[in-house]
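Enquirer: Can you read through this structure? Questions will come right after.
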Amino acid sequence: MDKGKKMKESESVVNDEDDNNCWLWLVQNGTAVTFVTIALFGFLIRVAVSIYPYSGAGNPPKFGDYEAQRHWMEITINLPIREWYRNSSSNDLSYWGLDYPPLTAYQSFVHGLFLRFFHPESVSLFASRGHESYLGKLLMRWTVLSSDALIFFPAVLYFVIVYYNKPSRTLKSAVAWHIALLLLNPCLILIDHGHFQFNCISLGFTIAAVAAIFSEKDLVACVFYCLSLNHKQMSAYFAPAFFSHLLGKCLRREHPLLEVLKLGFYVLGTFAAVWWPYLYSTNSVLEVLSRLAPFERGLFEDYVANFWCATSVLIKWKRLLTTDSLKLVSFTATIITCLPSMVQQIKSPSYRGFLYALLNSSFSFYLFSFQVHEKSILLPLLPATLLAMEDPSTFKWFVQFAMLSMFPLLCRDDLVVPYSALLALLTLIINAPGQHIDKENNYLHYYLGTTTMNLILCFYAILHIVYLTMHPPEKYPFIFEAIIMNLCFSQFVLITLGSNIKQWMLNKHVNLEIEKKLN
């Protein structure tokens, strides 16, 4: 028996070495070289995507997200800081008024200075509206590229160093694969460097906060997460997970009240530092806050794959309920669906549980909160990517449907070519040799079955072709978008149900390990 066991172990080592041979050229010199190589490749991919059009290109009078970001740079470098969120003759809030927290405004100010130094015409007050020169586009693209390089890439490196803090020769291939997933995330690349946004900043701060928690630096994590929240209010999708995990840890320490107060002090201190220019009066704070809650935009935007949009095919929510009622109902649904994940972390905080809590809480917000956009899928996709080594089958399934959910948006931006190229690259990465999936614990295979999953993937491919080559019937002009949205919604619901179950199953695994040790 012992001899047979040793032979199996030796075969396992050989297999691991064979798997690593596929990545040998990349991983043989360690994590640092691997990270730099993939980061350089990821940077080149971003540059290539930046060549293509952006949101609202050549589409007056309001253009799109590109013009919004450029306009914020124009406003912040030409007006006093106290007038950035205030409607006036110099700042018409109906034309892309600032609607993100102050840290985004400060970022716009810094980038505005950069543009003004090289190309003043692109950010001159009033005269630059709708500015679309080649040099202006080049400089704008570089603001996103630099943000990625200075914030997102270092945050990923921080996470990788902390997450893989125990060097292991057999893990080198897996580490390279995980780095590739994080740095070559096609959804983030297409939205930031194609559509044009700065999600890399807020998501970078979130990754840094997660890494800080993994390295037992909870106070630093509070600062990073508050910076993320003050850059984009959608980072609140992660708030239940951070709150419940940190509270659960505090309750297990010698002086829980003191620990909570310390965390609260750092949170309030970070918020005070960011909001300082607006703390001179209550009215000034309210002016900013009123811009952060765009309730006038409605329950959802376009065809987003969440509960409200999917069910609106049968239930006309906007006709059935008032805006105030919808706000209350959506808030209640979001909190209720977050609670199981929060209770588990308060009861049994753990690193794996925390990552699952991030995924589950962000999915609750995406599926049920008020005013959700297609781009918001980037938020649950982040913790799913961080969990890719723990749950590769879920990540692989999720990321494909995350891309599909944004496909109509990216088609409107004329980004079909980079979308197709990055989808092909994603397929190569997620199917890289050497990835071992435990089918016994793969709930997607359990509930759907291999045949059903293959049929869904065929339908997935057909939808892309149909959307690009066929015109919808005149009576139902958005039928293709509705089909895509409902397919993605069904898969997101399945994923979030499975991840909630997996999070609660962690307690069972811990108890089993304790029993084994006692016996």
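Enquirer: Pick from region 324-347 the residues that are open to solvent by 40 Å² or more (accessible area, probe 1.4 Å) and polar (S, T, N, Q): which of them is farthest from Lys502 (Cα to Cα)?
Expert: Ser325
The rows are residues; the columns are (1) at negative phi; (2) modelled with pLDDT of 80 or more; (3) under 27 Å from the mean Cα position of the chain (by Cα).
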| site | (1), (2), (3) |
| --- | --- |
| Asn15 | yes, no, no |
| Trp25 | yes, no, no |
| Phe41 | yes, yes, yes |
| Gly58 | no, yes, no |
| Gly64 | yes, yes, yes |
| Glu67 | yes, yes, yes |
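Enquirer: Please find, among His119, His131, His178, the residue that is without any contact (Cβ under 8 Å) to a residue 40 or more places away in the chain and surrounded by 17 or more Cβ atoms within 10 Å (Cβ to Cβ).
Expert: Matching residue, one of His119, His131, His178: His119.
Enquirer: Only one of (1) in contact with a Phe, Trp or Tyr (Cβ under 9 Å, 6 or more places away or on another chain); (2) assigned to a loop (DSSP other than H, G, I, E, B); (3) not aromatic (Phe, Trp, Tyr) fails for Leu171. Which number is that?
Expert: (2)
Enquirer: Is there a residue in region 217-240 that is over 29 Å from Ile495 (Cβ atoms) and at pLDDT below 95?
Expert: no
Enquirer: I've got another one for you. Can you find a residue that is outside any helix (DSSP H, G or I), under 24 Å from the mean Cα position of the chain (by Cα), modelled with pLDDT under 95 and of a type outside the set (Gly, Ala, Ser) anywhere in region 448-470?
Expert: no
Enquirer: So, in region 381-419, how many residues would count as being within 24 Å of Tyr66 (Cα to Cα), in a helix (DSSP H, G or I) and not charged (D, E, K, R)?
Expert: Going through region 381-419 one residue at a time, the tally reaches 16.
Enquirer: Being part of a helix (DSSP H, G or I) and among the basic types (Lys, Arg), is that true of even one residue in region 222-238?
Expert: Among the residues of region 222-238, not one is part of a helix (DSSP H, G or I) and among the basic types (Lys, Arg), which makes the answer no.
Enquirer: Got at least one residue in region 198-207 being outside any helix (DSSP H, G or I) and open to solvent by less than 10 Å² (accessible area, probe 1.4 Å)?
Expert: Looking through region 198-207, at least one residue is outside any helix (DSSP H, G or I) and open to solvent by less than 10 Å² (accessible area, probe 1.4 Å).
Enquirer: Would you call Val156 crowded, with 19+ Cβ neighbours inside 10 Å, out of contact with any Pro (no Cβ under 6 Å at 6 or more places or on another chain) and over 19 Å from Arg46 (Cβ atoms)?
Expert: Judged against the criteria, Val156 is not a match.
Enquirer: Pairs only if they're at least six apart or on different chains, beta carbon under 7 angstrom, first in region 139-164 and among the hydroxyl-bearing types (Ser, Thr, Tyr) and at pLDDT 95 or above, second surrounded by 17 or more Cβ atoms within 10 Å (Cβ to Cβ) and assigned to a helix (DSSP H, G or I); list them, first residue then second.
Expert: Thr143/His111; Thr143/Phe114; Ser147/Cys200; Ser147/Ile201; Tyr158/Ala208; Tyr158/Ala211
Enquirer: Would region 293-312 turn up any residue that is part of a loop (DSSP other than H, G, I, E, B) and in contact with a strand residue (DSSP E or B) (Cβ under 6 Å, 6 or more places away or on another chain)?
Expert: Yes.
The values are calculated or read from the model by the stated rules, or taken from the named source; none is laboratory data. On a predicted model such as this, the values are computed, not experimentally measured, just so you know. When we count neighbours, we look across all protein chains shown, and the Cβ atoms used for this are built from the backbone with ideal geometry, even at glycine. For accessibility, only protein heavy atoms count, side chains too; no ligands or nucleic acids. Shrake-Rupley method; radii C 1.70, N 1.55, O 1.52, S 1.80 Å.
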